[in-house]
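Structure record follows, encoded as C-alpha cells.
The values are calculated or read from the model by the stated rules, or taken from the named source; none is laboratory data. Note that the structure is a prediction, hence the values are computed from the model and not measured. All Cβ positions, glycine included, derive from the backbone under ideal geometry; neighbour counts span all protein chains shown.
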Amino acid sequence: MRITEIDSCSDLFALKDRWNDVLRRCDHSVFSTWEWHLTWWKYFGKERGLRVLIAQEKDEILGIAPLMLSEYSFLHVGKLRKIEFAGSQSSDYNNFILPNEKCAKLFLNHLLKFSDWDLLELRDINEESTSANALQAICSSHTLKLKLNVSSLCPYVNLPTSLEVFVNRLGRNMRRNLRKRMRKLQVEHKVEVKSQRDFGSIRESMQLFFKLHQKRWRLKEKPGAFVDEAFRDFHVNLARIFDEKGWLALYFLTADDMPVAALYSFDYNLKKYGYLTGFDPDFGNYGVGNLLKMYAIEECIRKGFKEYDMTRGFEPYKLDWATGVRKNFVVKMVNKGWRAPLLSRITQIRNRLAENS
C-alpha cells in the first residue's frame, strides 16, 4: 500500500468518481462527500494548503484523508502551522474515509515525514466512526504521541416506523404544547409548510433562511452564523448542488404567506442532518421552531428515515427531542516545538470568546 497526495483543486475535482466509490464502502456522513469538500474548498481554500492523502493498493483507492495545512498568526508570539480536516470550520462531523482501521496509522506516519507543520488537530470525529475506533486504538498503543479528548456533544433522535409511537414517546407537556400552539397559530393565521421548491430559486429560498436566522441573533446583539458574505455564498452554492442531488431539505413554516421559521437540513442515507435553524422572534410565543421540527420529523418517518441527527452542539432545545447523545472527539499531536501547544490553547480561548460574544 502506498500513500499519495492531492494538493490542487483540479486534482480534487478529477477525483469525484473514485471518491464516491470509496464512500460506498465506508461509514461516513454528508460532510464526507466529495460535493461538500469541493464546494467548501472553492470558497475557503485560498489561504490554505490542500493535503488530501490517498491510500492505494495498485490502482485501487482504499482510504482517503481529507486534510489541509492552515497557518494561524499570533501577534508577538509567532505562527502556528496546523494539519486539520478540510472543511472543519463548517462541518459538524469530520472523518478519515476508511473501509477499516488499517489506513489511519499509515496516514499519520506519512504526515510525520514532513516538518512543514507544528500541530495535528483533527476535530469533531464521530465516536461511532471507524476513524474514532482507529485513533483510539493508536492512542492506547502509545506508538504515536496522540491525545484524544471529547470536543463536542451531538444529540440525535432515533426514529420509529410509526408517527404514533414517536408522539407517545414525547413528554406529556411537550405533546400538549405542540397541539396547543399549532391550534393557536392556525386560528390566528393561515399556516403552511413550504420547501425550497416553492420559491423562485434556491438563492431566494436561502436568502429568506439567512434573514430569519440573522433576525433572531441580531435581537440578541450577536453576529449570527451568516454575517460573513463568503459563508453565505458557500451555502447558496452548496444548497444548489445538494438540491440537484436530492439532499437539500430546506423547510419554512409560513403564517399568512410570511416565513416565520426555517430549518436548513440535509437528507442523506436515510438520515436527516439538522444543520441550522431560524425563526422570527415576533412569533416565538407560538413555538414555531418546534412546530416546524415536528413537521420535519413526520416527513422523516413517512420516508422511512432511521434518524434525525441534530448535529454538533448541546443546546437545551435539542434535549426536548433527543433520544441519545453522541460524542465528537478531537485528536492532537505535536510535531515539533514548544509553541504549538501554547498557540493551540490561545486559539481555543479565542474561539470560546467568539462563541460567547
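When you look at Leu153, is it at pLDDT below 95 and among the hydrophobic types (A, V, I, L, M, F, W, C), yes or no?
no
Let me spell it out: the conditions are (1) in contact (Cβ under 8 Å) with a residue 60 or more places away in the chain; (2) under 23 Å from Phe314 (Cα atoms), and Ser88 meets all of them except one. Which number is the exception?
It is condition (1) that Ser88 fails.
Would you please name the residue that is farthest from Phe114 (Cα to Cα), looking only at residues in the stretch 47-84 that are surrounded by 15 or more Cβ atoms within 10 Å (Cβ to Cβ) and of a type in the set (Val, Ile, Thr)?
The selected residue is Ile61.
How many residues are in a helix (DSSP H, G or I) and farther than 30 Å from Glu299 by Cβ if we restrict to the stretch 133-171?
Total satisfying the criteria: 9.
Which members of the stretch 85-98 meet the condition of being over 20 Å from Leu112 (Cα atoms) and in contact with a Ser or Thr (Cβ under 7 Å, 6 or more places away or on another chain)?
Asp92, Tyr93, Asn94
Of the residues that make up the stretch 9-16, is at least one among the hydroxyl-bearing types (Ser, Thr, Tyr) and surrounded by 13 or more Cβ atoms within 10 Å (Cβ to Cβ)?
no
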